Amino acid sequence: MSNVTLEKVSRSFGDFVAVDSVDLRVEEGEFVTLLGPSGCGKTTTLRMVAGLEQNTGGRISIGNEVVSDAASKFVVPSERRRLGMVFQSYAIWPHMTVFENVAYPLRVRRRPNAEVQDLVMRALRLVEMERFAERPAPALSGGQQQRVAIARALVFEPKVLLLDEPLSNLDAKLRLQMGDEFRSIQKRLGMTSLYVTHDQSEAMALSDRVVVMDRGRIQQIGAPEEIYRRPVNRTVAAFFGTPNLLDASVESCRRIAGGRIQLDVAGQGWRGPCDAAAELTPGQSVTVMVRPEDARIAGPDAVRGEHELQWTGRIAHTIFRGPTRSVFVDTEGGRINVDAPAFGNYAIGDNVNVLVPQSAAWAVIGHKEAA
Amino acid sequence: MSISAELPPRPVPRPSLFAGLGAFGRALGATSAGRFIAIALLIAVLAFLSVYPLSMLLYGSLHSTPPGVAGEFNLDGYADVFTWQSFVTLANTVGISLAKTIPSLMLAILLAWILARTDTPMRGTLEVLVTLPFFIPPILTAMAWGMLGNPQVGLINQVYQWITGSTAPLINVYSYGGVVWHMMQYSVPFLFLLIVDAFRAMDPGLEEAARMCGASRWRTFRTVTLQLMMPALTGAAILSFVRGIENFESPLFFGSPAGIRVITTDIYDSINQRSPPQYQYATAISFVILVLLLLVVLAQWRMLKGRSFTTVTGKGYSPAVMKLGKWRWFTFALCMLFFVVTVVLPVGQLLIGSFFQFFGFYQWDMLTLDHYRAVFSSGEFWRGFRNTMLLGLVGATLTMLLGGIVAYVSVRTRWRGRMLIDGMAWLPWMMPGIVLGVGFLWGFALLPHAIPIYGTLWALLLAYISLGTPLSVRVMTSAYAQLSYDLEECSRVHGANWLQTMWRIMIALAWPAFAVGWVLLFFGIMRELSASVLLYSVGSEVLSVVLMKLWANGNAEQVSVIGMIMMVMVLVIRWIQLRLIKTRIGAL
Ligand SMILES: Nc1ncnc2c1ncn2[C@@H]1O[C@H](COP(=O)(O)OP(=O)(O)O)[C@@H](O)[C@H]1O
Ligand SMILES: [Mg+2]
């Protein structure tokens, strides 16, 4: 039993509410990521689970056992919550060797020496650091320190692992590699993990579920694909990638096969159907999200297919990005960014059409001003 | 695109002043001949301030007669040093310094932890209060404690006897305990100032990680916090130990009357209390103390080599402080108690003492302002006051300028000879004031008559500059180390000459450090006793010497008055310092 449950958990610093009534349940063995811009309250949430920060409202339970309840002022101190934690700064103790760092949790628990030796080496092997056991901790690179921090968090087989931006201090390449490695360890050990990051691609690549936070509140919880495809509001939509967000208003709304909701919307110089999360009434303002990778450029005379949306405009400028080329097209409805083939023939000033399959267009309520 | 349009505005040239000085500066800084002259000049000045008195000590220890008297070279001085008597003195010195360093360190750790890592109320104010004793001239608290803890008429004993009806005294400051106690009042805030930033700057994640691993608070403190602090603590403790060996006031006031001798008072006595003065013995034992200190410094150097942990992170938040609950009032009270005992009690004694007719008799009808009148109409007081102020202002300024130049040469240039310069400037760091005083005493006496330094204010000024240079170099070095080279190069690229560059860097950017160092030096000069007492003569007494003389004559009442006046000066300067340069106080 190692789930983590947060019920209406809040934390305020004076008048400022850093975490506002967060409800979340992390199931056993699940990998859940808290994602959001810097300062949105992710770390504070994680630290409340760890017991390093006191929640000013709500209740936190680990494995069905309440560890902190603001109403009854009940708190289990950090050291008795049996959680493993990896800090953003790694917090590797510089006065100890790698071995002693990893052995610390076992020594605290007064395990016999032989067992300590055994478990530490096992944990170090897991993160491929057994060769460095006798190194003094300051003589490690960032990536190695990170591995040691993970080994230290795993060595006493905690119920739950908490990680606060563990990859943010690594360079881009190492970040990808360490992330994948960590995910495979986590799957192998079946460890419940709560992971904090502000990096959307990291969150999507690693998580079973992503929790998007903004200004202390949960915006959306869901599988990475779902959050990417079907954001519930403009904030979440704008947070992932660089989508085109086009203002429009609803003309009609209907339910179609599979319980999906389809709208007919009209914007400045374009109209057509798109999908939405909830039923809306005609005349309501919406923002239609179109991802650059779903759009394609067609010649000025192109005619849209049956299930496509179409914008007409001219190319404003292009940026070569390696695998693709970003083409920016000025249309009546606004500028649209399209991921086009890198070596296509696009000249600034060309008249073109932008075509998007209607299944890739997603409407959320509200306009730009309202967000 | 025009490049010149991108340049920041040139520094406004000030032709009249800078043209002349600038040419001079360029000549000094940029040409190799000028550079040679500059280095030679600097080496000469520093040599006179540190190497000269040191070699005069050596000369004196090998020469049978006092300065200026014909004599012969022999080893009698060292023969006197290697006696049972001197061994006891040496053991006393080391023992007392150890005895005060260890409890002081523990108390300082406790205070640093309370004020840096807990939620004790009013920590900012408390920090100012517990560090205040460090800034009070030791001679004042020594005299105040002499009055408070006098076994016959001390206020504490009077109160104790009045309450309990006992006739035995509660405390006697004229004892080992008294010496240690008085030293501790300075060691605790000194150590606190040295270690508190290490406590403050530590990444709280390192402690939190231990908690997450299952360690209790106490275990975390023991195995993580304290271990991480160890290099800083060791360094501070050794420094405190060295200062304990160098200490003069505490053993002079509380040790000597009880027959407890340490090296510094031994040097003083053999020159001032014996007839004829034992110069050769004094210089020989001065050398012994120097060797002792050198060994300590070398030991420290070896011990701390490569043992400093970078635990500071760039995290924005002040480290999470520990919530103490109800206990935070206890920690608050503890800090207040320290302040009361080390500041309120002695200062209160001086205040009371200054208003009563006779020291030790506190009755309402004995209240008087006579002592204030006497002091304010005393020529000797005003002369001491003038001398102290003059020496403080001029001495602190010159020392900071010298330190600024030495630090500049050693961190900012690649000049050959800069290591030598740095080394010579550091040399007095190891020299107790009394030893430097003896060295200069010989040195000035041996100068040709055309250079009349001996027995003048110049003698004191030079000694103060020498004593203060290591501090000023340290302060300015750390200031320069924080300034980026770009600033300087940028300034020069844009056409400022060497002197203008120096000027801008010194004044515009390094001035906070300059001011911090200046105030510390001013404090240092105001409190200096051990060198002054050897180098003054009639007409060049400073306040601390005036106090000593009054004390020796048994005039505790006027001592109290002058003590109060100095105390007010200390408070005013300290207040200004905290106001103006709040954040830089850790630069000590
Ligand atoms: N100890 C504190 N005192 C005051 N405000 C704090 C403290 N810790 C965090 N905050 C505030 O709470 C908000 C959330 O912080 P944090 O949880 O660290 O954000 P994140 O980890 O998402 O970047 C921030 O706006 C920050 O200013
Ligand atoms: Mg954070």
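The values are calculated or read from the model by the stated rules, or taken from the named source; none is laboratory data. This one's a predicted model, so the numbers in the text were calculated from it and none came from an experiment. Glycine gets a Cβ as well: all are built from the backbone with ideal geometry, and neighbour counts include every protein chain shown. Ligands, DNA and RNA are excluded from the accessible area calculation, which covers all protein heavy atoms including side chains. Shrake-Rupley method; radii C 1.70, N 1.55, O 1.52, S 1.80 Å.
Using the alpha carbons alone, the radius of gyration of chain A stands to its Kirkwood radius in an Rg to Rh ratio of 1.07. A 1.4 Å probe run over the protein chains yields, for segment A:235-370, 48 Å² of accessible area per residue, whole-number rounding. For chain B, the relative contact order comes to 22 percent (Cα pairs under 8 Å, sequence separation of at least 6). In chain B, the DSSP-assigned H stretches of four residues or longer account for a calculated mean residue ellipticity at 222 nm of -21500 deg cm²/dmol, using -39500 (n - 2.57) per stretch and the full residue count as denominator. The region of chain B that goes longest without hitting one of the trypsin sites (Lys or Arg not before Pro) in a DSSP loop, each with at most 16 other Cβ atoms within 10 Å, is B:1-273. Loop-resident chymotrypsin sites (Phe, Trp or Tyr not before Pro) (DSSP state other than H, G, I, E or B) in segment A:285-361 with no more than 13 further Cβ atoms inside 10 Å of their Cβ: A:Phe343.
Note that chain B presents 45 Å² accessible area per residue, ligands and nucleic acids not counted, probe 1.4 Å. Rounded to the nearest 20 debye, the dipole size of the protein assembly as shown about its Cα centre is 560 debye, using +1 on the Cβ of Lys and Arg and -1 on the Cβ of Asp and Glu.
Chains A and B together bury roughly 1900 Å² of accessible surface, counting both sides and using a 1.4 Å probe on protein heavy atoms. If you wrap segment B:120-214 in the convex hull of its Cα atoms and look at it from every side, the mean projected area works out to 9.9 nm².
Multiplying the residue separation of B:Asn74 and B:Gln273 by 0.36 nm and removing their Cα-Cα distance gives an extension gain of 69.3 nm. Modelled spin labels at A:Arg183 and A:Glu27, positioned 7 Å past Cα toward Cβ, are 1.9 nm from each other. Report the residues of segment B:332-365 in range of a label on B:Val159: point 7 Å along Cα→C-beta, backbone N strictly under 11 Å from it. Output list for this probe position: B:341, B:344-346, B:348-349. Taking every DSSP helix (H) stretch of at least 4 residues in chain A, weighting each as -39,500 (n - 2.57) and dividing the sum by the residue count yields a mean residue ellipticity at 222 nm of -7000 deg cm²/dmol.
Of the trypsin sites (Lys or Arg not before Pro) in segment A:1-101, the ones in a loop by DSSP (not H, G, I, E or B) with at most 13 other beta carbons within 10 Å are A:Lys73. Entry comment: accessible area of segment A:4-230 is 42 Å² per residue, from protein heavy atoms only and a probe of 1.4 Å. Under the convention that each Lys and Arg Cβ holds +1 and each Asp and Glu Cβ holds -1, the size of the dipole of segment A:235-370 around its Cα centre is about 220 debye.
Taking 14 Å as the cut-off, the amide N atoms of segment A:241-260 that come nearer than this to a point 7 Å along the Cα-to-beta-carbon line of A:Gln284 belong to A:248-255. Over all other residues within a Cβ to Cβ distance under 15 Å of A:Val250, the charged ones net out to -2, with Lys and Arg as +1 and Asp and Glu as -1.
Residues of segment A:60-95 that bury at least 40 Å² of accessible area when the other protein chains are present, relative to the chain alone (probe 1.4 Å, heavy atoms, ligands and nucleic acids excluded): A:Glu79, A:Phe87, A:Trp93, A:Pro94, A:His95. Computed from the C-beta positions of B:Leu98 and A:Gln54 and an R0 of 51 Å, the FRET efficiency is 0.70 to the nearest 0.05. Residue order by solvent-accessible surface for B:His371, A:His317 is A:His317, B:His371, largest first, with ligands and nucleic acids left out and a 1.4 Å probe. Kirkwood analysis of the protein assembly as shown, using all unique Cα-Cα pairs, places the hydrodynamic radius at 34.1 Å.
Note on segment A:235-370: Cα Rg divided by 2.2 N^0.38 Å, N the number of residues, gives 1.04. For the pair A:Phe16 and A:Phe320, a Förster radius of 56 Å applied to the C-beta separation gives a FRET efficiency near 0.80, rounded to the nearest 0.05. Given a Förster distance of 60 Å, report the FRET efficiency between B:Met106 and B:His449 from their Cβ-Cβ distance, rounded to the nearest 0.05. The calculated FRET efficiency here is 0.65.
Here the accessible area is traced with a 1.4 Å probe on the protein chains. For the protein assembly as shown, carbon and sulfur cover 61 percent of it. Longer than 31 Å from Cα to Cα, which of A:Lys8/A:Lys187; A:Lys8/A:Lys173; A:Lys187/B:Lys323 are they? Say none if no pair is. With Cα atoms farther than 31 Å apart: A:Lys8/A:Lys173; A:Lys187/B:Lys323. So if a site counts as exposed when it's one of the GluC sites (Glu not before Pro), its DSSP state isn't H, G, I, E or B, and it has at most 15 other Cβ atoms within 10 Å, what's the longest stretch of chain A without one? So the longest stretch without any such site is A:135-278. Average 1/r across all pairs of distinct alpha carbons in chain B, invert it, and you get the Kirkwood radius: 26.2 Å.
Per residue of peptide A:46-52, the mean number of Cβ atoms on other chains within 10 Å of the residue Cβ is 2.
Rounded to the nearest 20, the size of the Cβ-charge dipole of chain A about its Cα centre is 980 debye, with Lys and Arg at +1 and Asp and Glu at -1.
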